[in-house]
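S.K.: There's a structure below that I have some questions on.
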Amino acid sequence: MSEATGGGLKSWLTTTDHKRIGLLYFWTAFAFFLVGGVEALVIRLQLAHPDGHLVGAETYNQLFTMHGTTMIFLALMPLGSSFFNYIVPLQIGARDVAFPRLNAFSYWVFLFGGLLLNASWFAGPLFHAGVLNVAPDAGWFGYANLTERQYSPGPNIDFWLLGLQILGISSLAAGFNFVVTILNLRAPGLKMMRLPTFSWMTLVTNFLIITAFPVITVGLLFLMFDRFFGTHFYVREAGATPVLWQHLFWLFGHPEVYILILPAMGIVSDVLPTFSRKPLFGYTVVVYSGILIGFMGWGVWSHHMFSVGLGPIADSVFAATTMLIAVPTGVKIFNWIATLWGGDIRGTTALHFAVGFIAMFVIGGLSGVSHASPPADLQQTDSYYVVAHIHYVFFGGTIFGLFAGVYYWWPKMTGRLLDETLGKVHFWLQFIGMNLAFFPMHFIGLLGMPRRVYTYSPDLGVSDLNLVSTIGALLIGLSILIFVVNLWRSRTHGRPASNDPWGGATLEWGIPSPPPPYNFSVIPTVESRLPRWRTERHGPMKDPPARPPAPIHMPGGSWWPIVAAFGLPVMALAPLTHTLWVVFVGAAILLFGIYRWAFEPFEV
C-alpha cells in the first residue's frame with residue numbers, strides 16, 4: 001500500500017500519492033491566492049479616491065507587479081494543477097500518475113519558487129536596501145528595458161526572473177508527467193474520444209505548458225545574462241531591441257492565457273452535464289474546439305503589441321487571427337447553453353459557478369474581440385479598459401470555473417460536502433462584487449485613466465467609478481472569507497459524502513470518498529463515454545468491489561524529491577547575493593538528490 005495511509009508531517013513531506021500532492025497544491029495555491037487578493041485590496045483602497053496616500057509610488061509598483069505575478073503563476077495555474085493531480089488519474093482509471101516522484105518534485109519546486117519570490121517583501125535589510133521591500137516592481141510582464149540593470153539596479157528584478165525560472169521548472173516537470181499519464185495510463189476501453197472533457201482539456205493545457213514555458217525561459221535567460229554578465233540582448237544602444245522581449249514574452253503569454261482558461265472550460269464541461277442530467281451537447285465539437293484553441297493560441301501574440309509599430313501587414317494578420325480564435329471559443333458557449341437547454345436542472349453551488357463562468361467569460365471575450373481591431377486597440381491599450389478585460393477572463397472565467405470544480409469535487413477529495421447555503425451566499429457576493437469591481441473599469445479606461453498609475457487627479461472625472469470598483473473588490477474579499485468559513489466548517493460539520501453525491505457519469509464517482517491510496521480495487525473496463533450512466537447501448541457500469549481481491553503495490557514515500565527541489569532556490573541565492581560558491585552548493589544538493597532518487601527502489 002501507499003504511505004498515504006499514514007499520518008504525520010513526515011508522510012506529507014515524503015508523499016508521492018497524487019491525491020495528497022493535489023491537496024498540497026490546492027492549499028498552497030489558495031494561500032498564495034489570498035496573498036494576491038490582499039495585494040489587490042491595497043491597490044483598490046489606494047485608488048478609491050483621487051490623490052490617494054495609502055501607499056507611495058514605489059510600493060504601488062511592487063503591489064501591482066506582485067499581484068499579477070502571484071495570481072497567474074502562484075494561484076491560478078497551481079489551483080488548476082491541484083485538480084490535474086487529484087482528479088485526472090481518477091477519471092482515467094489509473095492508480096497514480098506516470099511518474100509519482102517527479103510529481104512530488106514539481107510541487108516542492110513550485111513551493112520553493114513561490115516562497116523565494118515572496119521573500120522579496122522582507123529581504124531589503126539583507127541587501128542593505130534601506131527599505132524592507134525589494135519586491136519586483138516592473139510589472140508582471142517585465143518589459144525591457146525597464147528591467148535592465150541601468151534602470152532597475154536593485155535586487156527587485158533579480159527575485160522576479162529567478163523565481164519565474166524556478167516556477168518554470170515545476171511547470172515543465174508537471175506538464176510532461178500529465179501528458180504521459182493521460183496518453184499511457186488510461187483504463188482498458190477508455191479511448192481518447194471517451195475521455196472526460198476535463199481530462200481532455202488537461203492534456204491540451206499540458207501540451208501548451210511544455211511548449212510555451214521554454215519560450216519564457218529563453219527570454220528570462222537573456223535577461224539574466226544582461227543583468228549579471230553584461231550582455232546586451234535587450235539594449236538598444238548596443239544594437240539590440242527591447243521589442244525582442246515583447247515577442248518572447250507574449251509568444252509565451254498568449255498560450256499562457258489558454259493554459260489558465262482551458263482547465264476551467266474542462267471543469268464546466270463536466271459540471272453542466274451532471275447537474276442538467278444530460279450528456280454534454282456536441283462532446284466531439286467541444287474537444288476539437290479545445291484542441292483548435294491550443295493550436296491557434298500560438299498565432300495571436302502580437303495583438304498585445306499593436307502600439308509597438310509592427311506595420312500594417314503584421315497588424316492585419318494578427319487582427320485576423322485574433323478574430324478567428326473567437327470562433328472555437330464561441331462554439332463552446334453554444335455547446336454549454338445547449339447542454340443546459342431542456343435539462344433536469346439542479347441549482348447546486350457548483351452549477352451556479354459554472355453558469356456564472358459562462359456569463360462572465362462572454363463579457364471578457366467580447367471586450368477581447370474589441371482588441372482585435374488595431375485602431376480600437378490603440379485607444380484601449382495601457383488603459384483600465386484592458387484591466388477590465390483581463391479580469392473578466394481570469395477572474396470571471398478561470399476563478400469562477402475553479403470554484404465550480406471545488407464545490408463539485410470537494411466531496412470526492414475530502415469525504416465531506418460543503419454547505420450549499422454558504423456556497424450560494426459566496427457565489428452571489430462574488431458575482432455582484434466582481435461586476436461592481438471590474439465592469440466600471442471599462443468606462444474608467446475609455447474616459448482616459450491609464451493603468452499602472454498610483455494616483456489620479458479629481459479632474460479626470462472617474463472618482464465615483466473608482467469608488468464603486470473598490471466597493472466591489474471589498475465584496476469579493478467578503479465572499480472569499482465566507483468560502484474559507486465554509487471550508488473550515490466542512491471539516492467537522494460537513495455532511496459525509498457518499499461515493500457519488502451528485503450522480504456523476506465519470507469513473508471517479510464509482511469509488512469511495514475520499515479514495516483509498518490505490519484508487520481502484522480493480523482497474524475498470526470502460527465501454528462508453530458516460531460509464532456510470534445508462535445510454536442507448538450500455539447500462540451503467542458496476543462499481544469496483546470495496547476491497548481489492550489481491551494485494552496492490554503502490555510507490556512509497558521518498559525524501560529525495562524535496563531534497564532535489566531545495567537545491568534550486570539555493571542556486572538562486574548565488575546571483576542574488578553575488579556569491580559564486582553558493583551556486584555550487586545548490587547544484588550539489590540538486591545533483592545529490594537526483595542521484596539518490598534515481599537509484600532508490602520503487603518500493604520503499
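S.K.: If R₀ is 41 angstrom, what is the calculated FRET efficiency for the pair Glu58 and Phe584, using the beta carbon separation as r and rounding to 0.05? Kindly include the intermediate steps, with their values, before the conclusion.
M.R.: Working: r = 35 Å, r/R0 = 0.85.
E between Glu58 and Phe584, to the nearest 0.05, is 0.75.
S.K.: Can you sort His18, His67 by solvent-accessible area, 1.4 Å probe, largest first? Mind showing how you got there, number by number?
M.R.: Numbers: His18 0, His67 35 Å².
Largest accessible area first, the residues go His67, His18.
S.K.: Volume per residue, Å³, of the convex hull around the alpha-carbon atoms of the chain? Intermediate results must be reported in sequence, preceding the final value.
M.R.: Working: hull volume 91.1 nm³, N = 604.
Dividing the Cα hull volume of the chain by its residues yields 151 Å³.
S.K.: Right, here's the next one. How much length would be gained if the chain were fully extended between Tyr595 and Ile523, taking 0.36 nm per residue of separation minus their Cα-Cα distance, in nm to one decimal? Numbers along the way, then the final one.
M.R.: Working: separation 72, 0.36 × 72 = 25.92 nm, distance 3.29 nm.
Answer, rounded to one decimal: 22.6 nm.
S.K.: Could you compute the FRET efficiency for Leu146 and Ile345, with r as their C-beta to C-beta distance and R0 at 56 Å, rounded to 0.05?
M.R.: Details: r = 51 Å, r/R0 = 0.90.
Once the sixth-power term is evaluated, E becomes 0.65.
S.K.: A further question follows. Report, by chain and number, residues whose modeled amide H sits under 5 Å from the one on Gly556, excluding near sequence neighbours (fewer than 5 apart, same chain).
M.R.: Val604
S.K.: Now for a different question. Quick check on the chain: helices-only [θ] at 222 nm, where DSSP H runs of length 4 and up contribute -39,500 (n - 2.57) each and the sum goes over total residues. Nearest 500, please.
M.R.: Values: 19 runs with 370 residues, N = 604.
For the chain, the value works out to -21000 deg cm²/dmol.
S.K.: Any number yet on Rg/Rh for segment 190-241, C-alpha, Kirkwood?
M.R.: Details: Rg = 19.0 Å, Rh = 13.8 Å.
In segment 190-241, Rg relative to Rh is 1.38.
S.K.: Name the lysines eligible as straight-distance cross-link partners of Lys332: C-alpha to C-alpha under 28 Å, and not fewer than 8 places from it in the same chain.
M.R.: Cross-link targets: Lys191, Lys278, Lys412, Lys424.
S.K.: Shifting gears a bit: Determine the share of the chain's accessible area contributed by carbon and sulfur atoms, expressed in whole percent, with a 1.4 angstrom probe.
M.R.: Numbers: 16390 of 23400 Å².
Here it works out to 70 percent.
S.K.: Another question, then. Below 15 Å, Cα to Cα, which aspartates and glutamates can Lys19 reach? Residues fewer than 8 away in the same chain don't count.
M.R.: Correct list for Lys19: Glu3, Asp96, Glu508.
S.K.: If amide hydrogens are placed 1.01 Å from N in the peptide plane, which non-local residues have theirs closer than 5 Å to the one on Arg416?
M.R.: HN-HN under 5 Å from Arg416: Ala497.
The values are calculated or read from the model by the stated rules, or taken from the named source; none is laboratory data. Only a predicted model underlies this, so the values are computations on that prediction, with no experimental measurement involved. Note that we place each Cβ from the backbone using ideal geometry, even for glycine, and neighbour counts take in every protein chain shown. Calculation scope for accessible area: heavy atoms of the full protein, side chains included, ligands and nucleic acids excluded. Shrake-Rupley method; radii C 1.70, N 1.55, O 1.52, S 1.80 Å.
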